[in-house]
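The block underneath contains the structure these notes are about, expressed in structure tokens.
The values are calculated or read from the model by the stated rules, or taken from the named source; none is laboratory data. Note that this is a predicted model, so its numbers are computed, not measured. Glycine gets a Cβ as well: all are built from the backbone with ideal geometry, and neighbour counts include every protein chain shown. Note: areas computed on protein heavy atoms with side chains; ligands, DNA, RNA excluded. Shrake-Rupley method; radii C 1.70, N 1.55, O 1.52, S 1.80 Å.
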Amino acid sequence: MSDHYAELLMYVAPEPIQQANQLWLTRIFERLNLSRRNADHLDLHGLWLAPELLVTQTCGYPLMTQLRGQVRVIGRPRYELAHGSGGEHCSLLLTRDDNPQSALADFYNSRGVINGHDSNSGMNLLRERLAPLQRDGRFFTSVGISGAHRESLRWLREDRADLAAIDSVTFDYLARFAPQEVAGLRVVTRSAPSPTLPYIGPLSLSDEHAARIREAMNLALQDLPQVADTLGIQEVLPASADDYEVLLSYQRYAADLGYSKLH
């Protein structure tokens, strides 16, 4: 079948990023001589598991906890951005400029916000950093769920929370194209490193087919240097689920210290 779904929904803002992703996908399909299906009727999980999927992106934590054995990892991006390079990124633990707390331990009994409990950058990497500092399984007085990194940033700006972990790629995109969304905020510390968010396809993809898609993604970046510059992506690297085992090691580390759930 020559009609396939393809969406890049992990980084959809600011607008130049969304436009660049669409141009990239269009060129990938041209390179592969395929037609693209409209996926507006699919939710994110439905898209990830659609048999007609060509390529999409997921978070590394759901890859290992929800999707393992159900999808095929095609590759991962090598960003060259202020806070990520070489196929890795991190989370930036942020607070307001006017917050007198400076060291991470100072934020004990403060207000946290996460984008969701299934997020690597918003929750898992934050939990790993807080685990040695928690007491009796608790660090924050409250943990809000914002639903998105941009909303977590809004909570910080509006003094509804004191600390959030924000995907460094999201932060770098906003700092470049929508600096008002990170204005008045500062970095307390960085998280442990994490492999960048994987591109995935159906589990049925053969090694050869996955390599062809990855090659088309890279050729499309070469065809569209402005898109590569906007996205900060130098190339799509080969990758497998094994690359993301480190995220489960962060989970186990926190659990061993008595902080299996972020409180």
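Key figures for this structure:
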| read-out | value |
| --- | --- |
| Fluctuation leader among 118, 136, 223 - the chain, Gaussian network, Cα springs under 10 angstrom | 136 |
| Anisotropy class of region 170-263 from Cα gyration tensor, a/c 1.5 cut | oblate |
| Peptides 5-11, 44-50, 169-175 ordered by average Cβ neighbours within 10 Å, highest first | 169-175, 5-11, 44-50 |
| For peptides 52-63, 209-220, sequence by mean Cβ density within 10 Å, most packed first | 52-63, 209-220 |
| Calculated [θ] (222 nm, deg cm²/dmol) that DSSP helices of n ≥ 4 give over the chain, each run adding -39,500 (n - 2.57) | -10000 deg cm²/dmol |
| Accessible carbon and sulfur surface of region 85-194 relative to its total accessible area, %, 1.4 Å | 45 |
| Region 85-194, relative contact order in percent, only Cα pairs under 8 angstrom and at least six apart counted | 46 |
| Hull shadow area, averaged, the chain [alpha-carbon convex hull, nm²] | 13.1 |
| 1.4 Å probe accessible area per residue over the chain, in Å² | 43 |
| Diffusion coefficient, µm² s⁻¹, Stokes-Einstein with Kirkwood Rh over alpha-carbon pairs of region 1-126 at 37 °C and 0.692 mPa s | 191 |
| Region 85-194 - share of DSSP beta bridges that are antiparallel (%, nearest 5) | 65 |
